[in-house]
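Undergrad: Below: one structure in structure tokens.
The values are calculated or read from the model by the stated rules, or taken from the named source; none is laboratory data. Note that the structure is predicted; figures quoted are calculated from it, not measured. Note that we place each Cβ from the backbone using ideal geometry, even for glycine, and neighbour counts take in every protein chain shown. Accessible surface areas use protein heavy atoms only, side chains included; no ligands, DNA or RNA. Shrake-Rupley method; radii C 1.70, N 1.55, O 1.52, S 1.80 Å.
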Amino acid sequence: MTSNCYVVFDDQTKGCVIIDPGSEKSEREIAFVNTNHLKLDYIVITHEHTDHNWGVNALMSEFPNAQLISSEICRQRAKKTNKMYFLLYYDDPDYRYVLNEPDIVIKDDMSHITWNNQNVTFIMTPGHSFGSMCIKIGDMLFTGDTIMPYKPYFNGRDSNLDDWETSVEKIGMMLPEDTIVYPGHGEKLSLSEWLEQYR
């Protein structure tokens with residue numbers, strides 16, 4: 001699939017976090033972790049759409065000690081969303097993909113965990129999907145399909161334009177404009193660059 005997947009790692013501890021693995025077998029991600037002798041601590045998915053979570057189960061099979069993190073709404077909706085995706089877009093009508101249950105479920109806005117002595121903050125950003133959240137690590141913001149170099153797609157089934165506008169306004173007000181945005185599709189950009197386009 002053509003979505004972005006990110007591997008965030010610490011050179012000293014070799015711990016890493018993978019965000020939004022969207023390829024079925026996660027072959028590149030597995031190879032990267034193994035080649036660089038990393039330890040996969042967490043897999044985080046920004047939302048429930050299949051192109052952002054199809055590789056989760058493969059990663060968890062390869063690295064059984066890794067913990068999966070998602071929002072509560074993402075957890076609730078992923079099974080239905082993935083089933084619909086494969087019914088509409090996949091050639092094999094008998095194919096089934098059921099996302100593993102998350103180990104850590106984010107229920108509250110601005111929840112955080114500590115990873116490698118820094119906060120990983122989870123910001124609820126419904127709009128593109130009901131279960132969307134952004135992940136802030138240092139000066140990096142991983143936005144899934146909430147913030148991209150172009151306006152997100154709204155399918156009308158599990159998205160809401162008003163919610164999205166509220167979410168991105170919140171991001172714009174709470175984070176420094178030099179925050180680097182790593183979107184679910186397209187190239188990275190600064191928050192200030194994106195805000196210029198949006199406003």
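Undergrad: If I take every Cα pair under 8 Å that is 6 or more residues apart in region 1-141, average their sequence separation and divide by the length, what percent do I get for the relative contact order? Before the final figure, lay out the partial values.
TA: On the way: 265 pairs, mean separation 28.0, N = 141.
Computed over region 1-141, the figure is 20 percent.
Undergrad: Can you compute the radius of gyration and Dmax for region 120-187, using only the Cα atoms, both in Å?
TA: In Å, with Rg to one decimal and Dmax whole: 11.2, 34.
Undergrad: Among the GluC sites (Glu not before Pro) within region 93-199, which fall in a DSSP loop and have no more than 13 other Cβ atoms within 10 Å of their own Cβ?
TA: Values: sites: Glu165, Glu169, Glu177, Glu187, Glu193, Glu196; in loops: Glu177, Glu187.
Those satisfying the criteria are Glu177, Glu187.
Undergrad: Still on this model: For Arg77, what accessible surface area do you get with a 1.4 Å probe? Give it in Å², rounded to 10.
TA: Arg77 exposes around 70 Å² with every protein chain in place.
Undergrad: Something else now. What number results when the radius of gyration of region 90-137, computed over Cα atoms, is divided by 2.2 N^0.38 Å? Spell out each step's value before the answer.
TA: Working: Rg = 15.1 Å, N = 48, 2.2 N^0.38 = 9.6 Å.
Cα Rg divided by the expected 2.2 N^0.38 Å: 1.57.
Undergrad: Among Ser192, His112, Leu175, whose Cα lies farthest out toward the positive end of the dipole of the chain, if unit charges sit on the beta carbon of Lys, Arg (+1) and Asp, Glu (-1)?
TA: Working it through, the farthest residue towards the positive pole turns out to be His112.
Undergrad: In whole Hz, what ³J(HN,Hα) sequence does region 33-45 give by Karplus (6.51, -1.76, 1.60; θ = phi - 60°), x for Gly and Pro?
TA: 4, 5, 4, 9, 6, 8, 10, 7, 8, 9, 10, 10, 10
Undergrad: Rounded, prolate or oblate, given the Cα gyration tensor of region 75-158, with a/c below 1.5 counting as rounded? Could the numbers behind the result be given before it?
TA: Values: a/c = 2.37, a/b = 1.61, b/c = 1.47.
Prolate.
Undergrad: Under unit Cβ charges (Lys, Arg +1; Asp, Glu -1), what dipole magnitude, rounded to 20 debye, does region 95-141 have relative to its Cα centre?
TA: Numbers: 3 positive and 5 negative charges, 26 e Å.
The calculated dipole for region 95-141 is roughly 120 debye.
Undergrad: Given Cβ point charges of +1 (Lys, Arg) and -1 (Asp, Glu) and nothing else, what value in debye, to the nearest 20, does the dipole of region 39-118 about its Cα centre take? If you can, show how the numbers build up before the last one.
TA: Values: 8 positive and 12 negative charges, 33 e Å.
Using only the charged Cβ atoms, the result is roughly 160 debye.
Undergrad: Could you give the accessible area per residue of the chain, probe 1.4 Å, as a whole number in Å²?
TA: Values: 10090 Å² over 199 residues.
Normalised by residue count, the accessible surface of the chain is 51 Å².
Undergrad: While we're looking at this one, here's another question. I'd like the per residue volume of the convex hull spanned by the Cα atoms of the chain, given in cubic angstrom.
TA: Working: hull volume 22.9 nm³, N = 199.
For the chain, the hull spanned by Cα atoms encloses 115 Å³ per residue.
Undergrad: Take the solvent-accessible surface of the protein heavy atoms, probe 1.4 Å, and return the percent of it on region 70-186 that carbon and sulfur atoms account for.
TA: Values: 3070 of 6150 Å².
Solvent-exposed carbon and sulfur of region 70-186 make up 50 percent of the total.
Undergrad: Given DSSP loops and a limit of at most 14 other Cβ atoms within 10 Å, what is the longest stretch of the chain that contains no such chymotrypsin sites (Phe, Trp or Tyr not before Pro)? Working shown, then result.
TA: Details: sites that count: Tyr90, Tyr95, Tyr150, Tyr153.
Looking at the chain, 1-89 is the longest stretch - no exposed chymotrypsin sites (Phe, Trp or Tyr not before Pro) with at most 14 other Cβ atoms within 10 Å.
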